[in-house]
């Protein structure tokens, strides 16, 4: 059973609690087994009803779910021989960005991700997944290392945005993000980008330039949070659900608009209910896209990446 339930998930809470208690404490006789089967059926039916038609605001809540798998969870389930590398070689190591060498089905790759944390201590230590400039410089250092040895780069995006504190601004937050955008555009190895949770603003874009952009089914990707948008447009943070609708921040919207290349499905009920199942689905997509990109020359990779971002959006010449 989940540790935390969102408001729209609460109808499941009592059924799942009853199922868990019967499974753990009741004698496993015919009557109990019959009750368990009925509960399983009701839970599955209710899941389909709840999760089959989610609003943009509900998907936003799922993308932030405290039980949702983080970058390190996906790394553990998808990759082998992960060796984390630290520091930007200039200021310090930023725990909000994790990365290192790993193997994907035997293929050596460089994995870089934003790590939010889960409990209060880790959330604080990792600054709630909001990187400082040194985090982005660490990410760039690792990506340039991958380029030197001809290894593909995989980035896992999960951040509300870059940290806007005074210290971060003093150390060149905007420059660090801009430098990453510039360097990733010209990196001479395949780049796979995955939005695994919350993809917020320039903090997400700094790891978001790639040949392929994949997005988990219940992730979001937007220039601003719904709360921030609502505060600017209506001066009322309570209008966040309305802003989420207008921002077109869901995977379904962004795939239709051509911003992302593929929606990676999640287990019924969301990735927070089945970390291993979600990782398995993502692993299949990563392997498939990596095989496609490996067959391309450096010139083809760079040209495709350039054209991909040039195609985004629309210009109306009056």
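The values are calculated or read from the model by the stated rules, or taken from the named source; none is laboratory data. Note that the structure is a prediction, hence the values are computed from the model and not measured. Backbone-built Cβ (ideal geometry, glycine too); neighbour counts: all protein chains shown.
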Counted residues, segment 85-130 - those being out of contact with any helix residue (DSSP H, G or I) (no Cβ under 9 Å at 6 or more places or on another chain), without any contact (Cβ under 8 Å) to a residue 24 or more places away in the chain and closer than 26 Å to residue 214 by Cα: 1
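For every residue, the table says whether it meets (1) farther than 23 Å from residue 254 by Cα; (2) exposed (fewer than 13 other Cβ atoms within 10 Å of the Cβ).
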site: 273; (1), (2): yes, no
site: 277; (1), (2): yes, no
site: 289; (1), (2): no, no
site: 294; (1), (2): yes, yes
site: 303; (1), (2): no, yes
site: 307; (1), (2): no, yes
site: 313; (1), (2): no, yes
Criterion (out of contact with any strand residue (DSSP E or B) (no Cβ under 9 Å at 6 or more places or on another chain), more than 30 Å from residue 16 (Cα to Cα) and either touching a residue at least 40 places away in the same chain (Cβ under 8 Å) or not assigned by TED's automatic domain parsing to the domain that holds residue 113 (or both)) met by exactly one of 212, 305, 256, 311: 311
Residue match in segment 275-289 (condition: over 28 Å from residue 153 (Cα atoms) and in contact (Cβ under 8 Å) with a residue 60 or more places away in the chain): no
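For every residue, the table says whether it meets (1) out of contact with any strand residue (DSSP E or B) (no Cβ under 7 Å at 6 or more places or on another chain); (2) buried (at least 18 other Cβ atoms within 10 Å of the Cβ); (3) assigned by TED's automatic domain parsing to the domain that holds residue 279; (4) over 30 Å from residue 286 (Cα atoms).
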residue	(1), (2), (3), (4)
17	yes, no, no, yes
29	yes, no, no, yes
35	yes, no, no, yes
40	yes, no, no, yes
76	yes, no, yes, no
80	no, no, yes, no
Residue list for segment 225-259, filter: within 30 Å of residue 183 (Cβ to Cβ) and crowded, with 17+ Cβ neighbours inside 10 Å: 225, 228, 229, 247, 249, 250, 251, 253, 254, 259
